[in-house]
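The following block contains the structure, expressed as C-alpha cells.
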Amino acid sequence: MRILLAEDEKDLSKALAAILKHEHYAVDAVYDGQDALDYGLSGNYDGVILDIMMPKMDGIEALRRLREAGVVTPVMMLTAKSQVADRIAGLDAGADDYLSKPFAMGEFLARVRALTRRGAEFTPCEMRFGDLTLNRATFELSRGAEAVRLGGKEFQMMEMLVRGQGRFIPTEEFMEHIWGCDSETELSVVWVYVSYLRRKLSGLGAKVQIVANRGRGYMLEERQGGEEAHD
C-alpha cells in the first residue's frame, strides 16, 4: 500500500517514513502543503497523512482542495493542535481521522491500518488466490503448512497481484504504486521482482503462476498443467 506523508518537521517525517516502510508501506514524503496538494492530485495512494501547520499551504486548505477535485483517498490529519475547533475544521474539510502530537507510534500505526481499510473495498488480513494465502499482518505467503516471508516490495507486488485477480497489471502501475511517480528506477526492476516471486511460488509448490503479456503486464493465474509462463 502507498502512503502520502506531508509533514514539515523533517526529523519527524523521516522517523514516520522509516516506521511505515518497516511495515511494508511505500511512502512519498513531502514537506509543504503545496506539494501535498500536487502529489495528492497526481498520485495513486491508499492513504494520506497531512500535518495542519505547513508552509505554502496549510493542511486543511490542501485537503479541502483535494476533496473539491474529487479525490476520495482516506486522510488523517496529524498536528500539534488538539483544540476541538481545529479537529472540527479538519473533519469538516473532509478528513477521516485526526491524531494529535505527541502520540505513541503503536497508535499511529493502528490508525494508519484503519485508515487504509476505509477505501472503496475492504481488504481482509488474509488474502487468497488458488492454493495461496497472503497474510497482510505477517507478510507471509503460504500454501498449506509451507510459508515464506516476503520482502517489502515483493509483498507490495504480490498484494497488487492478488487484489487485481483476473486483470493484467501494467508495469507502469507497479512502478507508480510501489516505487513512486518520481522514481528514477528503470522499468526492468518490475521484471526482477516478478522473477523473485516466481521462485518463491515454485519453492512453495504452488498451483498459481504469474503470467506475462507484453504490452499488458502481469497477472496471477491458477496453473492447469504445463510450464510456468515467462516473458
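Give me the pairs, please: first residue somewhere in the range 207-222 and in contact (Cβ under 8 Å) with a residue 24 or more places away in the chain, second residue anywhere and polar (S, T, N, Q), beta-carbon distance under 9 Å, and either six or more positions apart or on two chains.
Lys207/Gln224; Gly217/Thr171; Tyr218/Thr171; Met219/Gln165; Met219/Asn213; Leu220/Gln165; Leu220/Gln209; Glu222/Gln209
With (1) in contact (Cβ under 8 Å) with a residue 12 or more places away in the chain; (2) over 28 Å from Leu150 (Cα atoms) as the list, and Asp11 as the residue in question, which single condition is left unmet?
(1)
What's the total number of residues in the range 130-155 that are more than 21 Å from Ile178 (Cα to Cα) and buried (at least 18 other Cβ atoms within 10 Å of the Cβ)?
3
Please give the number of the condition Thr185 fails out of (1) touching a residue at least 12 places away in the same chain (Cβ under 8 Å); (2) touching a helix residue (DSSP H, G or I) at 6+ places or on another chain (Cβ under 8 Å).
So Thr185 meets the others, but not (1).
Further question on the same structure: Would a scan of the range 152-174 turn up a residue that is within 19 Å of His22 (Cα to Cα) and acidic (Asp, Glu)?
Yes.
Of the residues that sit in the range 18-49 and are under 10 Å from the mean Cα position of the chain (by Cα) and assigned to a loop (DSSP other than H, G, I, E, B), which one is surrounded by the fewest Cβ atoms within 10 Å (Cβ to Cβ)?
Here the answer is Asn44.
Quick check on Leu63: is it surrounded by fewer than 18 Cβ atoms within 10 Å (Cβ to Cβ), among the hydrophobic types (A, V, I, L, M, F, W, C) and outside any loop (DSSP other than H, G, I, E, B)? Write out each step before concluding.
Details: surrounded by fewer than 18 Cβ atoms within 10 Å (Cβ to Cβ): no; among the hydrophobic types (A, V, I, L, M, F, W, C): yes; outside any loop (DSSP other than H, G, I, E, B): yes.
Against the criterion (surrounded by fewer than 18 Cβ atoms within 10 Å (Cβ to Cβ), among the hydrophobic types (A, V, I, L, M, F, W, C) and outside any loop (DSSP other than H, G, I, E, B)), Leu63 does not qualify.
Matching residues to (1) assigned to a helix (DSSP H, G or I); (2) touching a Lys or Arg at 6+ places or on another chain (Cβ under 7 Å); (3) at pLDDT below 85; (4) charged (D, E, K, R):
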residue	(1), (2), (3), (4)
Glu107	yes, no, no, yes
Arg113	yes, no, no, yes
Ala120	no, no, yes, no
Leu134	no, no, no, no
Ser142	no, no, no, no
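Quick check on the range 188-214: of everything there that is of a type in the set (Lys, Arg) and outside any helix (DSSP H, G or I), which residue is modelled with the lowest pLDDT? Spell out how you get there, then give the answer.
Step one: of the range 188-214, the residues of a type in the set (Lys, Arg) are 198-200, 207, 214.
Keeping just the survivors that are outside any helix (DSSP H, G or I) gives 207, 214.
Values: Lys207: 92, Arg214: 88.
Restricting to residues being of a type in the set (Lys, Arg) and outside any helix (DSSP H, G or I), the top hit is Arg214.
Take Met76 and decide whether it is crowded, with 16+ Cβ neighbours inside 10 Å, modelled with pLDDT of 85 or more, among the aliphatic types (A, V, I, L, M) and assigned by TED's automatic domain parsing to the domain that holds Ile60. Steps first, please.
Working: crowded, with 16+ Cβ neighbours inside 10 Å: yes; modelled with pLDDT of 85 or more: yes; among the aliphatic types (A, V, I, L, M): yes; assigned by TED's automatic domain parsing to the domain that holds Ile60: yes.
Yes.
Of these, Thr133, Thr171, Thr116, which one is polar (S, T, N, Q) and under 28 Å from Ser13 (Cα atoms)?
Just one listed residue meets the conditions, Thr116.
The values are calculated or read from the model by the stated rules, or taken from the named source; none is laboratory data. Values in this document were obtained by computation on a predicted structure and should not be read as measured data. Using ideal geometry, Cβ is built from the backbone for each residue, glycine included, and neighbour counts are taken over all protein chains shown.
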